[in-house]
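Novice: Take this structure, written in structure tokens, and hold onto it; I'll ask about it next.
The values are calculated or read from the model by the stated rules, or taken from the named source; none is laboratory data. Predicted model only: the values in this text are computed from it and were never measured. Here the Cβ positions follow ideal geometry from the backbone for every residue, glycine too, while neighbour counts run over all protein chains shown.
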Amino acid sequence: MDATGPYDGLPRRRKALRRAAAPPLIVGWREVVSLPALGIPRITAKIDTGARTSALHATRIVRFTRDGADWVRFHIPHGGITHAQDCEAPVVDRREIRNTGGLPDLRVVIETSLAMGARRWQIEVSLADRGAMTAPLILGRTALRRHGIVVDAGRSWLAGHPGEST
């Protein structure tokens, strides 16, 4: 078959039906985001393009089985939310992830929704004790990739509140 359509004899345009790309969302090095699937309406996130994986501060991490699937129950003690929160989510994976000291740490990974400004998408996030860190959530490159995010490393709080347009 040549480069013409089967019915009209006209050249096919590649990806002609693809939606127009949204303009980039410019974010600062820290933002207020939401994790709606976990019931967390506001949490401070550090945007870290040097980190590959995202990590959420969690304590009391307990794995359990529900309907034959691997799940995890965990506690979000603080971090920009109005109160402490207990959460449950299916386990996606267990991975060795290097901590801030460069040492490998075997962590539980879950998938959840992230809302930043007016945008919302699914991310994978590892659960770790980040109590000594300034931000309870770190968003790494994998969470940002292919979502039209541009990071202005010299500014903060550019995306607006989760769910609202900027």
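Novice: With the structure loaded, tell me whether ALA55 is buried (at least 20 other Cβ atoms within 10 Å of the Cβ), touching an Asp or Glu at 6+ places or on another chain (Cβ under 9 Å) and under 30 Å from ALA21 (Cβ atoms) or whether it fails that test.
Specialist: no
Novice: Within the bounds of region 43-51, is there any residue that is among the polar types (S, T, N, Q) and under 13 Å from the mean Cα position of the chain (by Cα)?
Specialist: So far as region 43-51 goes, yes, one or more of its residues are among the polar types (S, T, N, Q) and under 13 Å from the mean Cα position of the chain (by Cα).
Novice: Next question. Step by step: first the residues of region 64-78, then only those that are under 26 Å from PRO41 (Cβ atoms) and assigned to a strand (DSSP E or B), then the one that is modelled with the lowest pLDDT. Which residue is that?
Specialist: Once the filter is applied, the top-ranked residue is ILE76.
Novice: Something else now. For region 141-155, which positions are more than 11 Å from the chain's Cα centre (by Cα) and buried (at least 16 other Cβ atoms within 10 Å of the Cβ)?
Specialist: Selection gives ILE149, VAL151.
Novice: Would you point out which residue out of ARG107, ARG130, ARG155 is under 16 Å from PRO24 (Cβ atoms) and of a type outside the set (A, V, I, L, M, F, W, C)?
Specialist: ARG155
Novice: I would also like to ask the following. Filter region 23-46 down to the residues that are aliphatic (A, V, I, L, M) and farther than 20 Å from GLY131 by Cβ, then identify the one that is surrounded by the most Cβ atoms within 10 Å (Cβ to Cβ).
Specialist: Looking at the filtered set, the residue picked out is VAL27.
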